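Novice: Quick one: structure below, then a few questions.
A short reminder: the numbers here are calculations on the coordinates, not readings from a lab. Remember, predicted model here, so these are calculated numbers, not experimental data. FYI the Cβ positions are ideal-geometry reconstructions off the backbone, even for glycines, and counts take in every protein chain you see.
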Amino acid sequence: MADLPESKEWTPGVYQLETSDPVLGGPDGVSNQQAKQLANRTSWLKKKIESFLDGSGINFANQQEAEKGFETNKPMNALRVFQAIKAKVVQATIVTPGIARIATHSTVIEGTDYGSIVTPHALRAVFPFRGRQVYEVPGVFTWEVPPGVSKVWVEVIGGGGGGARSKTLPGPSGGAGGGIARKLHELRGQTTVTVTVGAGGTGALVDGNTGASGGSSSFGTTIAATGGNGGLINYKAPIGGRGVGGDENHSLGTGGHPVGDASNTAFQGGAGGGGVSAASWIDSARPAAPGHGGGGRGGSAAPDGADGQVTIQW
């Protein structure tokens with residue numbers, strides 16, 4: 001017994017057997033016509049379902065239609081969805097608006113990526129200084145801690161010593177430089193900090209006098225820098241100030257000895273600590289750099305030492 005032949009086509013209707021129809025078998029017999037039509041429909045439906053499952057029977061949008069986004073009657077597969085998003089989502093650049101990545105900490109440090117954006121947190125971690133306050137006039141001040149600031153980088157410089165004055169051997173030395181203290185300081189909830197700036201020591205006005213020492217500078221009670229000692233006339237070099245309580249503690253240096261000629265019958269006054277006020281016979285100009293000592297002099301009044309300075313960065 002053979003099976004009815006089937007074709008994958010949708011038969012518009014199903015034949016109704018009439019009372020007058022004879023019983024007639026075979027592929028084209030009227031008795032098999034209904035079964036044949038239903039079998040054809042079943043084959044057609046099976047083919048359609050299979051084509052939907054493997055995608056061959058779906059009229060997907062092509063790449064151009066997906067990227068333009070105007071077609072409303074065609075579905076998109078995963079590839080077309082990706083292509084459509086890629087066409088619309090633009091990587092932001094300096095001149096092109098679009099979507100940008102968030103820069104990592106290492107990317108911010110490298111500083112070579114033009115396609116990422118920097119968050120305030122990353123910027124703060126890499127570039128912690130957002131403000132700066134400099135105290136350079138001698139006196140005592142109150143610094144108010146800005147909102148949100150918990151750490152500061154502080155540089156404290158003591159006042160420079162004044163130069164000595166003498167026309168006779170062994171000659172006058174320069175005043176010593178002040179001390180320097182630098183520290184990344186934890187504020188620990190402080191809202192104000194007392195700042196002290198030391199004055200530069202007075203240079204000798206009269207022949208045969210020594211210079212005065214510079215004053216100490218400080219930030220709060222933990223970071224300080226003492227002033228440099230004044231210039232001498234006993235051929236000794238005055239000691240420089242020193243930093244106290246910093247992560248770095250240094251001095252701008254001792255005052256310079258008098259400088260004699262080859263026969264030791266003439267001389268110039270020694271340089272001030274730090275080197276701005278150079279060795280000279282006549283020069284009363286005060287050094288401009290903070291904490292530098294005034295040079296020793298023979299033919300003029302000796303320069304005062306430079307005032308100290310306190311610099312706060314946050």
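Novice: For the chain, what does the helix formula give at 222 nm: sum of -39500 (n - 2.57) over DSSP H segments with n ≥ 4, over the residue count, nearest 500 deg cm²/dmol?
Specialist: Theoretical 222 nm ellipticity from helices: -5000 deg cm²/dmol.
Novice: Hey, another quick one. To the nearest 10 degrees, how steep is helix 33-54 against the longest Cα principal axis of the chain, on a 0 to 90 scale?
Specialist: 10
Novice: Please build a GNM for the chain, connecting alpha carbons under 10 Å apart, and tell me which residue among ALA278, ALA35, ALA237 fluctuates the most.
Specialist: Taking springs between Cα atoms under 10 Å, the residue moving most is ALA35.
Novice: About its Cα centre, how strong a charge dipole does segment 129-314 have in debye, to the nearest 20, once Lys and Arg get +1 and Asp and Glu get -1 at the Cβ?
Specialist: About 160 debye.
Novice: Follow-up. Starting from the 7 Å offset along Cα-to-Cβ, what nm value, one decimal, do you get for the label separation of ALA266 and VAL206?
Specialist: 2.8
Novice: Give, in nm to one decimal, the length gained when the segment between GLU18 and GLN313 is fully stretched (0.36 nm per residue of separation minus the Cα-Cα distance).
Specialist: Extra length available between GLU18 and GLN313 comes to 95.8 nm.
Novice: If the elastic network links every pair of Cα atoms under 10 Å, which of VAL195, VAL156, VAL126 fluctuates the most in the Gaussian network model of the chain?
Specialist: Looking only at VAL195, VAL156, VAL126, the largest GNM fluctuation is found for VAL126.
Novice: Short version: ³J(HN,Hα) in whole Hz for each residue of segment 89-100, in order, from phi by Karplus 6.51 cos²θ - 1.76 cosθ + 1.60 (θ = phi - 60°), x for Gly and Pro, what are they?
Specialist: 8, 9, 6, 5, 10, 4, 10, 10, x, x, 9, 10
Novice: Would you mind getting me the FRET efficiency between THR222 and GLU136? Use the beta-carbon distance for r and R0 = 22 Å, nearest 0.05.
Specialist: Calculated value: 0.55.
Novice: If you don't mind, there's one more thing I want to ask. Run through segment 214-311 and list the trypsin sites (Lys or Arg not before Pro) located in a DSSP loop whose Cβ has at most 14 other Cβ atoms within 10 Å.
Specialist: LYS236
Novice: Among PHE141, LEU187, ALA289, which residue has its Cα positioned farthest towards the positive end of the charge dipole of segment 129-314, with +1 placed on the Cβ of Lys and Arg, -1 on the Cβ of Asp and Glu, and the dipole taken about the Cα centre?
Specialist: Among PHE141, LEU187, ALA289, the one farthest towards the positive end of the dipole of segment 129-314 is LEU187.
Novice: Would you calculate the separation in nanometres between label points at LEU184 and GLN91, each defined as 7 Å from the Cα along the Cα-to-beta-carbon direction?
Specialist: Using points 7 Å along Cα→Cβ, the separation is 3.4 nm.
Novice: I've got another one for you. Taking the structure as given and computing Kirkwood radius over Cα pairs in Å, which label from (i) 21.0; (ii) 21.6; (iii) 26.9 fits?
Specialist: Computed from these coordinates, Kirkwood radius over Cα pairs in Å corresponds to label (iii).
Novice: What full-extension length gain, to one decimal in nm, is calculated for HIS105 and THR119 as 0.36 nm per residue of separation minus the Cα-Cα distance?
Specialist: Computed gain between HIS105 and THR119 is 4.1 nm.
Novice: Give the residues of segment 165-186 whose amide nitrogen is closer than 20 Å to a point set 7 Å from the Cα of ASN234 in the direction of its Cβ.
Specialist: So the set is 165-177.
Novice: Which angle from 0 to 90°, rounded to the nearest 10, does the C-alpha axis of helix 78-88 make with the longest principal axis of the chain?
Specialist: On a 0 to 90 degree scale, this one is about 40.
Novice: For the chain, with only Lys/Arg (+1) and Asp/Glu (-1) charged at the beta-carbon, what is the dipole magnitude about the Cα centre, in debye rounded to 20?
Specialist: It comes to approximately 720 debye.
Novice: How much length, in nm to one decimal, is gained on full extension between PHE70 and GLU6, taken as 0.36 nm per residue of separation minus their Cα-Cα distance?
Specialist: 18.9 nm
Novice: Using a 10 angstrom cutoff on alpha carbons, build the Gaussian network for the chain and name the most mobile of GLY177, GLY246, GLY260.
Specialist: Among GLY177, GLY246, GLY260, the largest GNM mean-square fluctuation belongs to GLY260.
Novice: Turning to a different aspect of this structure: Can you list the lysines whose alpha carbon sits under 21 Å from that of LYS68, skipping same-chain ones fewer than 8 residues off?
Specialist: Output for LYS68: LYS86, LYS88.
Novice: How far is it, in nm, from the label point at SER51 to the one at ALA35 when both lie 7 Å from their Cα along the line to the Cβ?
Specialist: 2.8
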